[in-house]
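Beneath this line is the structure, given in C-alpha cells, with notes to follow.
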Amino acid sequence: MIEVGAKAPGFSLKDHLGRTISLDDQIGKRHTLLLFYPLAFTPT
C-alpha cells in the first residue's frame, strides 16, 4: 500500500486516443492528477 503523500510508482496506460502515456513522462512537465475509484466500472 502507498502511504499518503508518497510518490506514485511509475506506470503506463492508454489514453482515450489509444496512445500510451507514462506517469514518469508527465512528472515535472504537466499538472497531473491521479484518481482511483475502487470498484468503478466493475459489476458488483
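Which value in Å is the Kirkwood Rh of the chain over different Cα pairs? Each step should come with its number before you reach the end.
Details: mean 1/r = 0.0793 Å⁻¹.
With all distinct Cα pairs of the chain included, I get 12.6 Å.
One chain, two ends: Val4 and Gln26. Fully extended at 0.36 nm per residue, the span grows by 5.9 nm beyond their Cα-Cα distance.
Values in this text are rule-based calculations from the coordinates and carry no lab data. Only a predicted model underlies this, so the values are computations on that prediction, with no experimental measurement involved.
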